[in-house]
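**Q** Input: one structure, supplied below.
The values are calculated or read from the model by the stated rules, or taken from the named source; none is laboratory data. Everything numeric here is computed off the predicted structure, so don't read it as measured data. With ideal geometry, Cβ positions are generated from the backbone for all residues, glycine too; neighbour counts draw on all protein chains shown. Side chains are part of the model used for accessible areas, which takes the heavy atoms of the whole protein and leaves out ligands, DNA and RNA. Shrake-Rupley method; radii C 1.70, N 1.55, O 1.52, S 1.80 Å.
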Amino acid sequence: MTGYFEDYITVAVFAAFGALLVAVSVGASALLRPKNPSATKSQTYECGIDPVGGGWSQTHVRYYIFALLFLIFDVEAVFIFPWAIQLEALGMFALVEMIVFIVILLAGLVYAVRKGVLEWES
Amino acid sequence: MSALFDNFWALLGLKAVVAILVILNVALVIIFAELKISAHMQSRVGPYFAGGRYGWAQPLADGLKFIQKEDLVPRDADRPVFKLAPMVVLAGTVATFVIIPFSPTLVVRDLDLGVFYALAAGSVATIGVLMAGWSSANKYSLMGGLRAAAQLIAYELPLVLAVVGVVIHAGTLSMSGIVEAQAEPFFHLGQTAIHLPYIFQGQIIGFAIFFIAMLAELNRTPFDMPIAESELVMGYLTEYSGIRFTMFFLGEYAGMFAMSAIASSLFLGGYYFPGLDSGTFGPIVLMAKVGLLVFVMIWIRWTFPRLREDQLQSFAWRWLVPLSLVNLAVTATFKVVF
């Protein structure tokens, strides 16, 4: 087995152990805890009164435009990492290229701010 | 014994078990520190009776109590997702520990992707939080989950961009590589080599951005809107009880440990301290730095009031993202020109 696959297996095993920790704890707790279900107990909590309407009420996700902005900048972050490692080898050319790239993105952010994307009142 | 260490699977299993034990113990210590330091900051005594002196066994006693509590799942809840949510949170948090170097040799696996992987694995926990918020079928939980997602969207970028400054300096993504690069002498003063961690090599703004974004990522005060008790009861945790609640709680403190260790390795020199042998004292040095950062986090909790959700968004987008981009450009210019 090559080191390449060992990397992935290590990560997968650690994630699995994290989930396993929860499973084992819940299993151990099942041996110790009481179980007296009742209709009132399994009601959704709403400060003590009977819940009004369904649990999945319509919610205005106010930040969906932020999410779009985030997507753009996150892709940019993916580009920046390989550039950052190789910067010393590539030198001035890479630096100027990246600064042009960043300035374009910043201009986009300024435009979004000026358009009022970051305002919550509407 | 050596046959055991030569077998990849046996060694991996051993590493995972040891890592889980270390995470659990450090999380308990951090919980106790939080109880005690919070108490003293408010002129209280804090836990006092459990375990004899200073109430050191309080987190253990809490855990024992929680494990005996009835496990309630609301009738309307989306049961599979509800039960899966704590697993996703813990899986993401435990997976982060793969790359944290405790000494030059004491690291689970020094991945090439290093920091990049750490940031990716660290944000998996937010998916678990969003799952918990959605599956509870509770209005408070849903709001809490959505707020957690909003925080991730706003603060993931400053977090990632602040790291790029360090990557430019070190020229590698590997965590051990970054710590080793800080162990190199920064300059020579006559005969003496001066060693400086990246925070003193011009990355102090990067560290400040990283630390603020880290608080938001961990849902720590002043960014604890997802569980704001004054408006959302307990946010995404409202419907969780007993052992499942404990698992979220544990995940939160394990996350504090992981992020502090990453911040120490990136900006504060990790396991390296001038004059101390990294091989022997590495883990102690790293834990001391983690302890320092955890103390600052607790200190901040009792110093700053909670932000409003739109204030959080505009703070991230108007200040932190442009500032981290400028920091990145300045760092790169210095690296290339000098």
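**Q** With just the Cα atoms defining each centre, how far is the stretch B:120-144 from the stretch B:303-338? Give it in Å.
**A** For the stretch B:120-144 versus the stretch B:303-338, the Cα centre distance is 26 Å.
**Q** Just want the answer: with Cβ charges of +1 for Lys and Arg and -1 for Asp and Glu, which residue in B:Ala132, B:Ile100, A:Leu68 is farthest toward the dipole's positive end in the protein assembly as shown?
**A** B:Ala132
**Q** If I take all pairs of Cα atoms in the stretch B:71-337, what percentage of them are more than 35 Å from each other?
**A** Every Cα pair in the stretch B:71-337 considered, those over 35 Å come to 19 percent.
**Q** Also, I was wondering about something else. With a 1.4 Å probe on protein heavy atoms only, tell me which residues of the stretch B:96-111 lose at least 30 Å² of accessible surface in the complex relative to the chain by itself.
**A** The answer is B:Val98, B:Arg109, B:Leu111.
**Q** Quick one: putting +1 on the C-beta of Lys and Arg, -1 on the C-beta of Asp and Glu, what dipole do you get for the protein assembly as shown around its Cα centre, in Debye to the nearest 20?
**A** The dipole magnitude comes to about 1060 debye.
**Q** Here's a follow-up. Which residue fluctuates most in the GNM of chain B (Cα springs below 10 Å): B:Gln68, B:Gln191, B:Gln58?
**A** Judging by the Gaussian network model, the answer is B:Gln191.
**Q** In Å, what is the Rg of the alpha-carbon atoms in chain A, and how long is Dmax?
**A** Cα only, chain A: 25.3, 70 Å (Rg, Dmax).
**Q** Using θ = phi - 60° and the Karplus form 6.51 cos²θ - 1.76 cosθ + 1.60, what ³J(HN,Hα) does each residue of the stretch B:233-243 get, whole Hz, x for Gly and Pro?
**A** 6, 9, x, 5, 8, 3, 8, 8, 9, x, 5
**Q** What ³J(HN,Hα) values, in whole Hz, does the Karplus curve 6.51 cos²θ - 1.76 cosθ + 1.60 give for the stretch B:46-53 when θ = phi - 60°, with x put for Gly and Pro?
**A** My calculation for the stretch B:46-53 gives x, x, 9, 9, 4, x, x, 5 Hz in order.
**Q** Which one of B:Ala57, B:Ala120, B:Val285 is farthest out on the positive end of the charge dipole of chain B, using unit charges on Cβ (Lys, Arg +1; Asp, Glu -1) and the Cα centre as origin?
**A** B:Ala57
**Q** At 1.4 Å probe radius, can you tell me the per residue accessible area of the protein assembly as shown in Å²?
**A** Dividing the accessible area of the protein assembly as shown by its residue count gives 47 Å².
**Q** If you add up the charges near B:Leu159, with Lys and Arg at +1 and Asp and Glu at -1, over every other residue whose beta carbon is less than 12 angstrom from its beta carbon, what do you get?
**A** -3
**Q** Which net charge results when you count Lys and Arg as +1 and Asp and Glu as -1 among the other residues whose beta-carbon is under 10 Å from that of B:Ala77? Could you put the intermediate results ahead of the total?
**A** Numbers: positive: B:Arg75, B:Arg79, B:Lys83; negative: B:Asp76, B:Asp78, B:Glu239.
Within the 10 Å Cβ shell, the charges total 0.
**Q** One-quarter of the Cα convex hull surface for the protein assembly as shown, in nm²?
**A** Values: hull surface 104.2 nm².
Dividing the Cα hull surface by four gives the mean projection, 26.0 nm².
**Q** Which whole-number percent is the relative contact order of chain B (Cα, under 8 Å, 6+ apart)?
**A** Relative contact order here is 22 percent.
**Q** Evaluate the distance, in nm, between pseudo-label points positioned 7 Å from the Cα of B:Val18 and of B:Leu113 along their respective Cα→Cβ axes.
**A** It is 2.5 nm.
**Q** What is the list of residues in the stretch B:256-300 whose amide nitrogen lies under 16 Å from a point 7 angstrom out from the Cα of B:Ile194, following Cα to Cβ?
**A** Label zone hits: B:274.
**Q** Where in the stretch B:192-207 does the label zone of B:Phe304 land, with the point 7 angstrom along Cα→C-beta and an amide N cut-off under 16 Å?
**A** What the label zone holds, given the 16 Å backbone N cut-off, is B:205-207.
**Q** So if I take the centroid of the Cα atoms in the stretch B:188-225 and the same for the stretch A:23-38, what is the distance between those two points in Å?
**A** 43
**Q** Quickly work out the A:Ile99-to-A:Asn36 label distance, labels modelled 7 Å from Cα along the C-beta direction, and quote it in nm with one decimal.
**A** The two pseudo-label positions are separated by 7.2 nm.
**Q** Still on this structure, I have one more. Give me the accessible area of A:Asp50, 1.4 Å probe, in Å² rounded to the nearest 10.
**A** Per-residue accessible area (A:Asp50): approximately 110 Å².
**Q** Quick one: if you stick a label point 7 Å off each Cα along the C-beta vector at A:Glu6 and A:Ala23, how many nm between them?
**A** 2.6
**Q** Rounding to the nearest 20 debye, state how big the charge dipole of chain B is about its Cα centre with +1 on each Lys and Arg Cβ and -1 on each Asp and Glu Cβ. Show your work: numbers first, answer last.
**A** Numbers: 20 positive and 21 negative charges, 108 e Å.
Roughly 520 debye, rounded to the nearest 20.
**Q** Under a Cβ-Cβ cut-off of 14 Å, what is the net charge of the residues other than A:Gly18 that fall near it, where Lys and Arg count +1 and Asp and Glu count -1? If you can, show how the numbers build up before the last one.
**A** Numbers: positive: B:Lys15; negative: B:Glu252.
After counting each charged neighbour, the total is 0.
**Q** Then there's this: So how tilted is helix B:8-41 from the main axis of chain B? Cα-based, degrees 0 to 90, rounded to 10.
**A** Relative to chain B, helix B:8-41 is tipped by roughly 70 degrees.
**Q** Rounded to a whole number, what is D in µm²/s for the stretch B:191-298 from Stokes-Einstein with the Kirkwood radius over alpha-carbon pairs (25 °C, 0.890 mPa s)?
**A** Translational diffusion coefficient: 156 µm²/s.
**Q** Quick one: 3J(HN,Hα) in Hz for the stretch B:159-171, Karplus 6.51/-1.76/1.60 with θ = phi - 60°, rounded, Gly and Pro as x.
**A** These are the phi-based 3J(HN,Hα) values: 4, 5, 5, 5, 5, 4, x, 5, 4, 4, 4, 7, x Hz.
**Q** If the only charges are +1 at each Lys and Arg Cβ and -1 at each Asp and Glu Cβ, what is the size of the charge dipole of the stretch A:1-86 around the Cα centre, to the nearest 20 debye?
**A** Using only the charged Cβ atoms, the result is roughly 480 debye.
**Q** For q = 0.22, 0.24 Å⁻¹, what log10 I(q)/I(0) does the stretch B:14-83 give under the Debye formula with an equal point scatterer on each alpha carbon and no solvent?
**A** Reported log10 I(q)/I(0), two decimals: -0.95, -1.01.
**Q** So if we plug the beta-carbon distance of B:Val45 and B:Glu229 into 1/(1 + (r/R0)^6) with R0 = 25 Å, what FRET efficiency do we get, rounded to 0.05?
**A** Working: r = 23 Å, r/R0 = 0.92.
So, using R0 = 25 Å, E works out to roughly 0.65.
**Q** On the accessible surface of the protein assembly as shown, probed at 1.4 Å, how many percent belong to carbon and sulfur atoms?
**A** 69
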